[in-house]
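Quick notes on the structure that follows.
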Amino acid sequence: ATETLFYTSNNTSYRNLIAYDIKTGSSRMLMPEARIGDLAFNPVDRSLWGVEYRDGLAYLVRIPYPYNDWFRIHAFPYENVPYDLDISPDGKLLSASMSEANADQFLRVWEIDRILAGDVKPASEFRFGQSVPESFAFSKDGRYLYGSSYYTGVSNIFRYEVATGEVSERP
């Protein structure tokens, strides 16, 4: 909607956060050495969400428009790492794939209002065992998350229904 692509550079070091204007082809440095990756855009309030990696911890962060500053929302326990973030089209839900210290893998969904209030208990989740859930993204109606995993021993596409936790797969 804003015709802006957000991306990071210098990814082997401290990660710069950059905005690329699709209309003009120009790039603008938003935050040098922010150490923030795994970006997700909230279409309702235009905020960016991401994961800051610092001192061995992963922090969920929010970068409100116009992207001049960022705020830590939650510090995950050591070796608990969220990745592949997405935000529902209505801006109410945040999803992430999660790896935990024991190598368990989850797809988790949080209500954004609750997480901003300090409640980081997921509204729903699906445990993938030690199979990595990858690239889960919300459907246009926000009812489902679609992504892939080797959960069944081969790469399949999964549909996760957020309200019920029901999972179906397509080979």
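Note on Ser26 and Arg127: the extension gain reaches 32.2 nm, defined as 0.36 nm multiplied by sequence separation minus the Cα-Cα distance. The ellipsoid that matches the Cα gyration tensor of the stretch 54-115 has semi-axes, each √(5λ) in whole angstrom, of 21, 16, 9, with the longest given first.
Taking every alpha-carbon pair within the stretch 122-171, the share separated by more than 18 Å comes to 22 percent. Computed from phi, the 3J(HN,Hα) profile of the stretch 141-153 under the Karplus parametrisation 6.51, -1.76, 1.60 (θ = phi - 60°) reads 8, x, 7, 10, 10, 10, x, 10, 6, 8, 3, 9, x Hz, with x in place of Gly and Pro.
P(r) tail for the stretch 1-82: Cα pairs beyond 22 Å make up 23% of the total.
Comparing mean-square fluctuations of Val120, Val51, Val109 from a GNM of the chain with C-alpha springs under 10 Å, the top value falls on Val120.
Share of pairwise Cα-Cα distances greater than 18 Å in the stretch 59-171 is 49 percent (whole percent). Comparing Gly25, Gly147, Gly118 in a Gaussian network model of the chain (Cα springs below 10 Å), the most mobile by mean-square fluctuation is Gly25.
The GluC sites (Glu not before Pro) of the stretch 63-171 that DSSP puts in a loop, and whose beta carbon has at most 16 other beta carbons within 10 Å, are Glu79, Glu100, Glu166. Take every Cα pair under 8 Å whose residues are at least 6 apart in sequence, average their separation, divide by the length of the stretch 1-83, and the relative contact order is 18 percent. Counting only DSSP H runs of at least 4 residues, each contributing -39500 (n - 2.57), and dividing by the residue count of the chain, the helix-based mean residue ellipticity at 222 nm comes to -500 deg cm²/dmol. Here Lys92 is the anchor, and the aspartates and glutamates within straight C-alpha reach of less than 18 Å, apart from those fewer than 8 places off in the same chain, are Asp45, Asp84, Glu111, Asp113, Asp119, Glu125, Asp141, Glu161.
For the stretch 126-171, trypsin sites (Lys or Arg not before Pro) meeting the loop criterion (DSSP other than H, G, I, E, B) and having at most 16 other Cβ atoms within 10 Å: Lys140, Arg143. Within the shell of other residues whose beta carbon sits under 13 angstrom from the beta carbon of Ile115, the net charge comes to +3, with Lys and Arg scored +1 and Asp and Glu -1.
Roughly to the nearest percent, how much of the accessible area of the chain is carbon and sulfur, given a 1.4 Å probe? On the chain, the fraction of accessible area on carbon and sulfur atoms equals 49 percent.
The three principal axes of the C-alpha atoms in the stretch 87-134 carry coordinate ranges of 30, 22, 12 Å, sorted with the longest axis first. Listed by chain and number, the aspartates and glutamates whose C-alpha is less than 20 Å from the C-alpha of Lys23, apart from same-chain residues fewer than 8 away, are Glu3. Local charge for Phe106 was computed over the other residues whose Cβ lies under 12 Å away, with Lys and Arg +1 and Asp and Glu -1, and equals -2.
The values are calculated or read from the model by the stated rules, or taken from the named source; none is laboratory data. In this text the structure is predicted, and so the values were computed from the model without any measurement. So basically every Cβ, Gly included, is an ideal-geometry build from the backbone, and we count neighbours across all protein chains shown. Surface areas here come from the heavy atoms of the whole protein model, side chains and all, with no ligands, DNA or RNA. Shrake-Rupley method; radii C 1.70, N 1.55, O 1.52, S 1.80 Å.
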